[in-house]
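One structure below.
The values are calculated or read from the model by the stated rules, or taken from the named source; none is laboratory data. A quick note: this is a predicted structure, and the numbers were derived from the prediction, not measured. When we count neighbours, we look across all protein chains shown, and the Cβ atoms used for this are built from the backbone with ideal geometry, even at glycine.
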Amino acid sequence: MYVCLIFAFVFAPIIFSLIFSFNSQRFPTIPLGSFSVQWYQKILGDPDVWQAAINSLIVSTCTAIIATFLGFCTAYSDFRYNFRLKAPYLALILLPPTIPLIIMALAMLAWFSKIGISGQVYSIIIAHSVLTAPFAMAVIRLRLSQMNPDLEAAAWNLGGSEWQAMRHVIIPFCKPAIASGLFLTAAVSFDEFAVSWFVSGLNKTLPVIILEIVQGNIDPQVNAIGTFVFLISMTLVVLAQLLFASRQLRSIRT
């Protein structure tokens, strides 16, 4: 009962945003006007929204690949090696999500401005990769913790090199977690606003353009764009959870 109430409280604004995105009236009031898709037609005909959507897709795709690669490397180094200062090393890797986003965004803006790469699409990709890599690392490390460490040593004893063991043992075992990390980091990147707003310059993403639309006026386009962003983000998160959970259930049954 309480869980249902919590979910209702969390998702009620999103549901109302979805409903109002099909409302013919400009202002979100009840009773509603007639059913209309005019706000979706308006955003589909807006070149700025299209460019922001393309930027968001490019950024989230590139971020997912880079962040998942970095997450896999750090997760494997934690699983495979013991070395001095390992605890500070892991703490440093997991630090970005614990920093307030405004502070992270300001730090990224100052650093990018100093080295002359601020305001570019790849600036957003770099910033998002730093922010999301710990999520991929956590998912992949959890998967590696379920692996028998002797499997890799057995591959070496059978004549395989370290790279062959990586290719035929480690990566196949981690495939569900790698796929889950890709979807999860893409979702976080696609929905991220604060860092994007500071470092994007003129290369706006969808969350950034939503803020620009709502500044100073009430525009129902926001409900339509927000619905699109929410559906994309939730789809990626659900796919990440399904991929990871299905593999875990299969492992338990076998």
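Just a few scattered comments:
- 1 or more residues of a type in the set (A, V, I, L, M, F, W, C), in contact with a Leu (Cβ under 6 Å, 6 or more places away or on another chain) and modelled with pLDDT under 80: qualifying helices (runs of 4 or more DSSP H) within the range 165-254: 221-253
- For the range 176-192, the tally of residues that are surrounded by fewer than 21 Cβ atoms within 10 Å (Cβ to Cβ) and free of Cβ contacts under 8 Å to residues at least 60 places away in the same chain stands at 1.
- Cross-chain or 6+ apart pairs with Cβ under 6 Å, the range 141-164 first and acidic (Asp, Glu), then surrounded by 13 or more Cβ atoms within 10 Å (Cβ to Cβ): Glu152/Ala165; Glu152/Val169
- Count - residues of the range 77-119 that are surrounded by 11 or more Cβ atoms within 10 Å (Cβ to Cβ) and under 13 Å from Phe198 (Cβ atoms): 14
Here is a yes/no grid of residues against (1) charged (D, E, K, R); (2) closer than 30 Å to Ile232 by Cα:
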| residue | (1), (2) |
| --- | --- |
| Ala64 | no, yes |
| Leu95 | no, yes |
| Ile99 | no, yes |
| Leu106 | no, yes |
| Gly116 | no, no |
| Leu151 | no, no |
| Gly160 | no, no |
| Arg167 | yes, no |
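- Taking the conditions (1) over 15 Å from Pro134 (Cβ atoms); (2) small (Gly, Ala, Ser); (3) free of Cβ contacts under 8 Å to residues at least 24 places away in the same chain in turn, Ser123 satisfies each one other than (3).
- Residue count for the range 169-186 satisfying the condition of being within 17 Å of Thr235 (Cα to Cα) and either touching an Asp or Glu at 6+ places or on another chain (Cβ under 6 Å) or among the polar types (S, T, N, Q) (or both): 2.
- Within the range 124-152, the set of residues being surrounded by 24 or more Cβ atoms within 10 Å (Cβ to Cβ) and polar (S, T, N, Q) comprises Ser129, Thr132.
- Enumeration of residues in the range 44-76 that are touching a Lys or Arg at 6+ places or on another chain (Cβ under 9 Å) and surrounded by fewer than 18 Cβ atoms within 10 Å (Cβ to Cβ): Asp48, Gln51
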